[in-house]
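The values are calculated or read from the model by the stated rules, or taken from the named source; none is laboratory data. Predicted, not measured: the structure shown is a model, and the values here were computed from it. Glycine also receives a Cβ, built like all others from the backbone with ideal geometry; neighbour counts cover every protein chain displayed.
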Amino acid sequence: MVFEQVATGGCQSYLVGCEASRAAVLIDPELSRIDEYRGRIGQHGLHLRYVVDTHTHADHFSGSREIGRLLDAPVVMHQLSPAPHATLRLDDGDMLVAGQLRLKALHTPGHTRDSMCLLLGDRVFTGDTLLIGGTGRTDLPTGDPRALYDSLFDKLLKLPPQTLVFPAHDYKGRSHSTIGAELADNPRLQKRQRGEFVAMMQTLDLSAPTHLTEALRTNMTGAKPVSQLLAEASAKVAFMSQGELAERIGDNSCDMVILDLRERDAFAAGHVPGAKHLPRGQLELRVNSDLPDPTVKILTCCEFGKISTLAAVTLRELGYLRATALEGGLAAWREAGRPLTAEA
Ligand code: FE
């Protein structure tokens, strides 16, 4: 069996492949690592049959939708998942077949309603239901400590003690554990009475994960996080460096339109000499009158270099094929002490 564990910060993703058929399953991919997974799939000569999310992640952006789309593989989640892009939904006991690999889903609600673990031969992918030395938290949307207790003690922990445990997170660089080791040493599992366990989970008082809202928004709906929107926009435009712009504004033969997309006050306080003001919110409304020549070179700029990237994409879509974005924003320009014109 091909088996790869890919850590991204504390997140663990898994690529498993059948040696004979080259069919593969990717479990809990992270959006920022799509190129890495694709590289490994290619390196092993695998064909992605399924991409699985063990649950609706609240702490990072799932890459399932994106890699499923790129490699034409169904996105697999539990029946209770809210994600519209989950095209194959499993019930407890359902099995995925990838060549000679058999992955059986165990519905293990608690961390979330839609949590499941995947049993593959001698190992189980536990998602956030069981972690090494811990369990998933139960205080986030759809979490339920009673359900987690039942999932652990009535189901997952009844697997043979030698079963290898591969969790969706580990923050200490450990790759795996076993059911037996967790039963013996995992501090949370020492609360063997349901009431005790529930009381412990209810008093953990954990801080909310960063990106909670955005992660839920994107993972539950398939919408894009802002970072992905920007990354996609960056791939569709060319950039100009700040040094190049500095040289060009000193050159009188420069026939480029420098378009400052910030609000009026920011523009008035200091802009690149010769820049034209067109706030981003009015771009589509004023483009025909303000930029009559579609063949002109346009350089978009903004405070931090993000809005200008999105605007350059919009301009290219509107037919201004020489629209280019200033790398970095006017904040960096100002910081470097480059020339600015202020309005009186
Ligand atoms: Fe989680």
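Results, tabulated for the structure shown:
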{"item": "Qualifying positions in region 18-58 - part of a loop (DSSP other than H, G, I, E, B), within 15 Å of the ligand (Cβ to nearest atom) and out of contact with any His (no Cβ under 7 Å at 6 or more places or on another chain)", "result": "Asp28, Pro29, Asp53, Thr54, Thr56, His57, Ala58"}
{"item": "Evaluation of Gln79 against (1) on the phi < 0 side of the Ramachandran plot; (2) crowded, with 23+ Cβ neighbours inside 10 Å (one fails), failing number", "result": "(2)"}
{"item": "Hey, Gly9 surrounded by fewer than 24 Cβ atoms within 10 Å (Cβ to Cβ) and at pLDDT 95 or above or not", "result": "no"}
{"item": "Region 29-72, residues that are modelled with pLDDT of 95 or more and among the hydroxyl-bearing types (Ser, Thr, Tyr)", "result": "Tyr37, Tyr50, Thr54, Thr56, Ser62, Ser64"}
{"item": "Options Pro225, Pro161, Pro187, Pro141; residue that is within 18 Å of Asp53 (Cβ to Cβ) and either surrounded by fewer than 17 Cβ atoms within 10 Å (Cβ to Cβ) or of a type in the set (Lys, Arg) (or both)", "result": "Pro141"}
{"item": "Count of residues meeting criterion [of a type in the set (Ser, Thr, Tyr) and out of contact with any strand residue (DSSP E or B) (no Cβ under 9 Å at 6 or more places or on another chain)] in region 139-170", "result": "2"}
{"item": "Test: residue in region 276-287 that is at pLDDT 95 or above, of a type in the set (A, V, I, L, M, F, W, C) and touching a strand residue (DSSP E or B) at 6+ places or on another chain (Cβ under 6 Å)", "result": "yes"}
{"item": "Residues that are within 15 Å of the ligand (Cβ to nearest atom) and surrounded by fewer than 24 Cβ atoms within 10 Å (Cβ to Cβ), drawn from region 127-137", "result": "Ile132, Gly134, Arg137"}
{"item": "Answer from Glu303, Glu284 - the residue that is out of contact with any Pro (no Cβ under 8 Å at 6 or more places or on another chain), touching a residue at least 24 places away in the same chain (Cβ under 8 Å), within 23 Å of Lys236 (Cβ to Cβ) and crowded, with 18+ Cβ neighbours inside 10 Å", "result": "Glu303"}
{"item": "Test for His211: is it under 30 Å from Gly133 (Cβ atoms), at pLDDT below 95 and not charged (D, E, K, R)", "result": "yes"}
{"item": "Strands (runs of 3 or more DSSP E) contained in region 65-126 and holding at least 3 residues within 16 Å of the ligand (Cβ to nearest atom) and in contact (Cβ under 8 Å) with a residue 60 or more places away in the chain", "result": "116-120"}
{"item": "Residue in region 190-205 that is nearest to Gly136 (Cα to Cα), counting only those that are among the polar types (S, T, N, Q) and either in a loop (DSSP other than H, G, I, E, B) or not assigned by TED's automatic domain parsing to the domain that holds Arg123 (or both)", "result": "Thr203"}
{"item": "Residues being more than 16 Å from the ligand (Cβ to nearest atom) and part of a strand (DSSP E or B) - total across region 168-189", "result": "2"}
{"item": "Cβ-Cβ under 6 Å pairs, at least 6 apart or on other chains, region 253-265 side surrounded by fewer than 21 Cβ atoms within 10 Å (Cβ to Cβ), far side part of a loop (DSSP other than H, G, I, E, B) and not charged (D, E, K, R)", "result": "Val257/Val296; Glu263/Pro279"}
